[in-house]
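In what follows, a structure is listed as structure tokens, so that the remarks can point back to it.
Read-outs: derived from the displayed coordinates by stated rules, not from any lab. As the structure is a prediction and not an experimental result, all values here were calculated from the model. Glycine also receives a Cβ, built like all others from the backbone with ideal geometry; neighbour counts cover every protein chain displayed.
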Amino acid sequence: MNEAGAADFAHIAMALHGADGVGATLDRIAELARATVDCDMCGVMVVHKGKRVETAAVTSELVRRADELQIEVGEGPCLQAIEAQSVFIIADTMTEDRWPVWSRAVVDLGVRSVLSIRLFTRQQTIGSLNLYSAQPNHFTPADAAIGGIFAGHASVALAAAQTESGLREAMESRHLIGLAQGILMERFDLDQEQAFAVLRRYSQDRNIKLRSVAQHVVQERALPE
């Protein structure tokens, strides 16, 4: 990579890390990927707990529909990039034979070529970056190489945003639980440990998240019915 290219990716990395929160980071990944790798549309698929896959950011609703079709028919390059931990190029959906059902379906949407790249860190597979073109034979090995570098920056930025979000949520949950404990301690003359035990018992008996029980206590000044 030449100096100009390195500088471009340095700016991209700064822009990705500068987004505020997971949602904003996902949107910025899609927008910058479209600008960095020449394509018509772009989307980001993410993997949730239980291996549930979701299209989390798109530059066009057509991308969302194309991704939904992959989930519906159980095949496609975006899913395969996640599962096989690789990069896939479809030169022409009209003649693609690795995922024939999905490929023929998206022809009707105007999708003719696709580049799908896994998003991952050493610790986890995050999802896939998926670029679409209305022209057949649009994506080249050079596009895949540039896309791979971009995906590396995007993966790090998204993983950092997810970690920060998780830490923030954990802190907010602890604060909420602490408030609920204080309410129960005052109302029922309990100590801190007893108040937490009450919250935990309600959570377990009713199969409700502890945070949700605490939130109810704080909002209603009473335990859930």
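Normalised by residue number, the volume inside the convex hull of the Cα atoms of segment 167-220 is 71 Å³ per residue. Applying the criteria of a DSSP loop state and at most 16 other Cβ atoms within 10 Å to the trypsin sites (Lys or Arg not before Pro) of segment 37-74 yields ARG52. Divide the volume of the convex hull around the Cα atoms of segment 113-223 by the residue count and you get 140 Å³ per residue.
A Cβ-based charge dipole, computed about the Cα centre of the chain with Lys and Arg at +1 and Asp and Glu at -1, lands at about 560 debye. Given +1 at the Cβ of Lys and Arg, -1 at the Cβ of Asp and Glu and no other charges, the dipole of segment 167-220 around its Cα centre is 260 debye to the nearest 20.
Think of it as helices only: each DSSP H run of n ≥ 4 in the chain is worth -39500 (n - 2.57), and spread over all residues that comes to -19500 deg cm²/dmol at 222 nm.
Taking the charge dipole of the chain about its Cα centre, with +1 at Lys and Arg Cβ atoms and -1 at Asp and Glu Cβ atoms, the residue from ALA134, SER203, ILE149 reaching farthest to the positive side is SER203.
Taking a Cβ cut-off of under 14 Å around ILE208, the surrounding Lys, Arg, Asp and Glu residues balance to a net charge of +2, with basic ones at +1 and acidic ones at -1. The convex hull of the Cα atoms of the chain, projected and averaged over all directions, covers 15.2 nm². Relative to the globular-protein estimate of 2.2 N^0.38 Å, the Cα radius of gyration of segment 16-105 stands at 1.11. Close amide H contacts of SER86 (hydrogens built in the peptide plane, cut-off under 5 Å, sequence separation of 5 or more or a different chain): ARG118.
Using the Cβ-Cβ distance between THR140 and ALA160 with R0 = 41 Å, the FRET efficiency computed as 1/(1 + (r/R0)^6) comes to roughly 0.85.
Looking at segment 44-155, the pairs of alpha carbons with a distance over 18 Å make up 43% of the total. Taking all C-alpha pairs of segment 33-83, those more than 16 Å from each other amount to 40 percent.
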